[in-house]
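To keep things clear, I will list the structure first and then write my remarks on it.
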Amino acid sequence: MDSTRSSLEKSSSYFSPSERLCAVLKGIIETVIFNFLGCFNFHRLPPKPHYSFNDLDRIASTTLFSVNEVEALLDLFKKLSSSIVDDGLLHREELRLALLRTPASKNLFLDRIFDLFDEKKNGAVDFEEFAHALNIFHPRASLEDKIDCPANVKCHYSGI
Ligand SMILES: [Ca+2]
């Protein structure tokens, strides 16, 4: 028993200099890698907005859609808005991908549609903007509202 113990002590205390160097380098490399990976935590996307039933009910009350239709629109919005960056916002490239099947091409018509949807003019469309923009296409929307579509969408956020 004593001979086994002394041989273990000898073997554990007899690391060669290259083995000690490897152990130190391994620790340094692991530290660098973990710190490097930690950098990505600072660039996390903000949490996606969550829409409660009250939110959907509020959106339904300001549009022609029923709560069930707003829920269906939310499902569609989630699919469209997560096609490139899953951040809960619809970006121009995601709308372009949905309508033109490519995120990269330039299309004046699509840009105008996106600008119409982006009522807050912040470069991204949230679900509420999406629902309000599509409200004009509701079957119960009046012909006058459809004709005056851009003005109606803009008026919703400007409070006119
Ligand atoms: Ca997105």
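At F109 and S82, where each label point lies 7 Å from the Cα along Cα→Cβ, what is the point-to-point distance in nanometres? Those two pseudo-labels are separated by 3.0 nm. Each residue of the range 88-100 is assigned a 3J(HN,Hα), and the resulting list reads x, 10, 9, 9, 3, 5, 6, 5, 5, 5, 5, 8, 10 Hz, derived from the Karplus form 6.51 cos²θ - 1.76 cosθ + 1.60 (θ = phi - 60°), x at Gly and Pro.
For A124, no residue 5 or more places off, or on another chain, has a built amide H under 5 Å of its own. Summing Lys and Arg as +1 and Asp and Glu as -1 over all other residues whose Cβ lies under 11 Å from the Cβ of D86 gives a net charge of +1.
None of the figures in this text is laboratory data; all of them are computed from the coordinates on show. Worth saying up front: this structure is predicted, and the values here are computed from it rather than measured. Positions of Cβ are backbone-derived with ideal geometry, glycine not excepted, and every protein chain shown enters the neighbour counts.
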